[in-house]
Structure formats: C-alpha cells, structure tokens
Number of protein chains: 2
Amino acid sequence: MIRQKIPATPSIRRLPQYLHIIRQTQSEGYEYISGTVIAQELNLEPIQVRKDLAITGITGKPKKGYPVAALITAIEHFLGWDVVTNTILVGAGNLGAALTGYQEFQYHGLHIVAAFDVDTAKIGSRIHGVPVFSIETLASHVKKLDISMAILTVPSSEAQRMANMLVDAGIRSIWNFTNVKLKVSENIIVQREDLTSGYALLCVMMNSTREARIKE
Amino acid sequence: MIRQKIPATPSIRRLPQYLHIIRQTQSEGYEYISGTVIAQELNLEPIQVRKDLAITGITGKPKKGYPVAALITAIEHFLGWDVVTNTILVGAGNLGAALTGYQEFQYHGLHIVAAFDVDTAKIGSRIHGVPVFSIETLASHVKKLDISMAILTVPSSEAQRMANMLVDAGIRSIWNFTNVKLKVSENIIVQREDLTSGYALLCVMMNSTREARIKE
C-alpha cells in the first residue's frame, strides 16, 4: 500500500504562509527573521512556528532567528517547489480559468501546460496563455507531455468520469476542486480542495463574535 | 479585544465534509450512521471523528451510531448554516464568477446578493444571476442591503485598498481569496483562503510516494 497518512498536515498547510512572509523579509533586505516575528504576522504561538519549521530541517539561532535564504531553500526543497511540476487542467470553466491566471503558482514551480474541456467554443482557444484542447485528446497529450498530475475543475456530475479518464491516461495525482470524493485506486494521490471548509471557520468566528457582542 | 483564537480549527474545517457524507446517508434513507463508517469515508481515525462531532454537542449511541437527522441539525446549527447569510462579492473576475456559480454554497445558507467591480464592461451585467455594480456604489449598497460580510476576489495589488473600503462601508467579516495578509482593526474577522496550502500537502504526498517507489 503506497498511500500513507501524511504527518503534521496542519504544519505543512502553513508552510506556504511562512514562505510568503520569509520571501517578503528577504526582498526587504533582511538576512535573519525571528520566529517571534513570524508568529506575530501569522497570529500563531512562537512554539508552533518553531515546530512547523523544524519539519523542513532548519532550526533558528538564539537571538538571531532563522537565516532567511537557507530557510526559503529548505521550505522549497521540503515541498518540492524547487523543481518544476507540469500539470494539466481538466475543466476550463470559471474556476479553471481563475487557476490558470493565479500568479502565485509560478513561485511554487507549478506550471499548467494544457487545459481540456468539452465545450467546442473553448477548444482551440487560450486561457491566460494556456491552450485548451478537446477532452478526447487527453490521453495522447498526457503521454506526449509526460504529465503525472492533473487539476480537476469540472462540474461535480462529471468528476468521477473524468477522474477515471485521467487515471486511465496515466495521471498519478489529482488536485480535486470538485465536491466529489473520488473513488480511485490506492496508488493515486488525491488532494481535495474544499472551499466550504474555510467558510465553516469564518462562520464560527462570526458566531462567536456575535455572541461576545450579545454578552457585552 | 473581540478577536479570539478559535479552538479546534482542524475539527471545524472537517465539519463540512461530515455534513456532506451524512446528508448523502440521509438521502439514501438511513436513520443512523456509525462513526466508523464516517471515519473510513474520510480516511480518519474513529476516535478523531468522535472528538470532531462532539464539538457540535452530539454523541453517538453504542451499536447504532449517530442519529442522522439530529446530527445534520447539530452541525448546521453549530456552523450557523441554518440561517441565511447575505454577502457581497468584490472583484467579479474569474474566481469571483466561479464563486457566484458554486452550487454548494446554497446548502450552507450563503447567499451572494451583489457583486462589485471596476470594469465598466461588467457593471450592469449579471454573473450567475448576481448583479454587478460599480465599486463606487459599494458603501450605499452595503447600507441598503444591511450586509456585514464580503468575499474579496480582487487582484492582490488592490486587496488592501478594497479591504479598507469594505471596513469603512461597515463590513465586519471578510473572506479573503487574495494572497495579501490584510491589515484591518482587531474587531474585523478575516478568513484567508490560501489555495497554495492544499497544493503544499499534495506535493508532500507526491514526494513521499516518489521516495517510496525509489526505495522499492
């Protein structure tokens, strides 16, 4: 069984935020950043920051903090963001278009090389420079481009069928933006992006603020 | 100080996934669902499921599991999804358009009532039925519609300026889809949606699978 539980999931989720802040610090000319400053910026406990960053193999120096350049390299290497990952996008609707235009991905080595759709009006066009092909040509493109990752942004009703098509074409990992829990074999990696999970957090914060106001 | 740390953040983040599965179970005619089944579906430990669901005030019955209808009500009530939250969307680009068309929100009481943009080509049009107004009319609409929440989907370079405008107009909570850490006063709730955090997880899974394959 290849699929394994990833330890320290919340820590890994926070790494891009650390990277963002540390890169900003570097662009401002600083060579060191203290864990306390990072903690303040992200509204976390300093001990949490130290634990999170330790998984990348870097520890801070007393009184100086973390060496900025080495920390960036360590996080990028840990995440594999120091190499380019070519990916395809399946479903060139609004969300798909938003992702092709998402500037941030270029800093993470993520390169969307082709998009696929069933809409003949879209096929042959380009979205943010990414060519849109017919879904019928998926398998041949995946083979030709030697792609192993796909971003899935189709309507929920099409999600499982498209996932099957992707796996048959040789895709090994799927970033799933649909609300469907895909049924795929255990050796396929799926990361589902659930937009409603952040909304749940926002709602709980809104509710507790409301209650705090009522109690005042 | 109103802003507070929300305990059990990962648990709250998982509640929408529970809700999705439990609703599906209900639609299939079941009255009870076992914590073990939920755990299997979500690839979690059963103890974790019990802990997560306990925050909504519901506990399972031995051998029967959780009463489906009561559990749905409890989760929805805990999240405040049993009442309608009207919100506005600022930035009617691709991501904004994707969110207005996101079917799932209707199950969570989230109702996007108006969108705002600077693009005169979009002003006066409708996106998935949501009218697009000029950003100049933001304050008057927020007041008239009695809105306290906004979804921010503008380019990063505009994010802070728009956030200031929203707060001045009376908005109390912002669902921030930009990569900017907004500087707002402590009584404003901000939930930032970081698309790259899920990608970080996916990358770590891809890397560990790759290493597992090399070791084989």
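When you look at A:R14, is it surrounded by fewer than 19 Cβ atoms within 10 Å (Cβ to Cβ) and of a type in the set (D, E, K, R), yes or no?
no
Scan the range B:94-137 for residues that are in contact with a helix residue (DSSP H, G or I) (Cβ under 7 Å, 6 or more places away or on another chain), at the interface with chain A (Cβ under 10 Å from one of its Cβ atoms) and not β-branched (V, I, T) and jot them down.
Across the range B:94-137, the qualifying residues are B:N94, B:L95, B:A97, B:A98, B:G101, B:Y102, B:E104, B:H108, B:L110, B:H128.
Yes or no: the range A:166-174 includes at least one residue that is outside any loop (DSSP other than H, G, I, E, B), surrounded by 18 or more Cβ atoms within 10 Å (Cβ to Cβ) and more than 16 Å from the chain's Cα centre (by Cα).
Scanning the range A:166-174 turns up at least one residue that is outside any loop (DSSP other than H, G, I, E, B), surrounded by 18 or more Cβ atoms within 10 Å (Cβ to Cβ) and more than 16 Å from the chain's Cα centre (by Cα).
Look through the range A:48-85, keep the residues that are more than 19 Å from A:H108 (Cβ to Cβ), touching a Phe, Trp or Tyr at 6+ places or on another chain (Cβ under 9 Å) and of a type outside the set (G, A, S), and return whichever of them is surrounded by the most Cβ atoms within 10 Å (Cβ to Cβ).
A:Y66
Residue by residue through the range B:163-216, note down the ones that are more than 29 Å from A:T85 (Cβ to Cβ) and of a type in the set (A, V, I, L, M).
B:A163, B:M165, B:L166, B:V167, B:A169, B:I171, B:I174, B:L182, B:V184, B:I188, B:I189, B:V190 - these are the residues of the range B:163-216 that are more than 29 Å from A:T85 (Cβ to Cβ) and of a type in the set (A, V, I, L, M).
Give the range A:27-52 a look and list any residue that's assigned to a loop (DSSP other than H, G, I, E, B) and within 14 Å of chain B (Cβ to nearest Cβ), or say none.
A:N43, A:L44, A:E45
Given (1) more than 7 Å from every other protein chain (Cβ to nearest Cβ); (2) buried (at least 20 other Cβ atoms within 10 Å of the Cβ), identify the lone condition not met by A:H141.
(2)
Looking at A:N207, A:N179, A:N164, A:N187, which one is of a type outside the set (V, I, T), more than 30 Å from B:I75 (Cβ to Cβ) and within 12 Å of another protein chain (Cβ to nearest Cβ)?
Just one listed residue meets the conditions, A:N187.
So which of B:G101, B:G109, B:G80 ends up being in contact with a Cys (Cβ under 8 Å, 6 or more places away or on another chain) and without any contact (Cβ under 8 Å) to a residue 60 or more places away in the chain?
When all the criteria are applied, what remains is B:G80.
Quick one: is B:E158 more than 30 Å from A:R172 (Cβ to Cβ), of a type in the set (D, E) and in a helix (DSSP H, G or I)?
Yes: the conditions hold for B:E158.
If you go through the range A:135-144 one residue at a time, do you hit one that is under 22 Å from the mean Cα position of the chain (by Cα) and either modelled with pLDDT under 95 or of a type outside the set (D, E) (or both)?
Within the range A:135-144 (the criterion being under 22 Å from the mean Cα position of the chain (by Cα) and either modelled with pLDDT under 95 or of a type outside the set (D, E) (or both)), the answer is yes, since at least one residue qualifies.
Please verify whether the range B:17-26 includes one or more residues that are part of a helix (DSSP H, G or I), surrounded by fewer than 16 Cβ atoms within 10 Å (Cβ to Cβ) and without any contact (Cβ under 8 Å) to a residue 12 or more places away in the chain.
So far as the range B:17-26 goes, yes, one or more of its residues are part of a helix (DSSP H, G or I), surrounded by fewer than 16 Cβ atoms within 10 Å (Cβ to Cβ) and without any contact (Cβ under 8 Å) to a residue 12 or more places away in the chain.
Can you go through B:N179, B:N187 and tell me which one is in contact (Cβ under 8 Å) with a residue 60 or more places away in the chain and in a loop (DSSP other than H, G, I, E, B)?
From the options B:N179, B:N187, the qualifying one is B:N187.
Out of the range A:115-155, which residues are polar (S, T, N, Q), assigned to a loop (DSSP other than H, G, I, E, B) and closer than 20 Å to A:L99 by Cβ?
A:S125, A:S148, A:T153
Evaluate the range B:123-132: report whether one residue or more is over 18 Å from B:N86 (Cβ atoms), among the hydroxyl-bearing types (S, T, Y) and either within 21 Å of the chain's Cα centre (by Cα) or loosely packed, with under 15 Cβ neighbours inside 10 Å (or both).
yes
Give just the number: which of (1) exposed (fewer than 14 other Cβ atoms within 10 Å of the Cβ); (2) in contact with a strand residue (DSSP E or B) (Cβ under 6 Å, 6 or more places away or on another chain); (3) part of a helix (DSSP H, G or I) does A:H111 not satisfy?
Every listed condition holds for A:H111 apart from (3).
Any idea how many residues of the range B:111-130 are out of contact with any Gly (no Cβ under 8 Å at 6 or more places or on another chain) and either more than 19 Å from A:P155 (Cβ to Cβ) or of a type outside the set (A, V, I, L, M, F, W, C) (or both)?
Qualifying residue count for the region: 13.
Out of the residues in the range B:190-216 meeting the condition of being touching a Gly at 6+ places or on another chain (Cβ under 6 Å) and part of a helix (DSSP H, G or I), tell me which one is modelled with the highest pLDDT.
B:C203
The values are calculated or read from the model by the stated rules, or taken from the named source; none is laboratory data. Note that the structure is a prediction, hence the values are computed from the model and not measured. Using ideal geometry, Cβ is built from the backbone for each residue, glycine included, and neighbour counts are taken over all protein chains shown.
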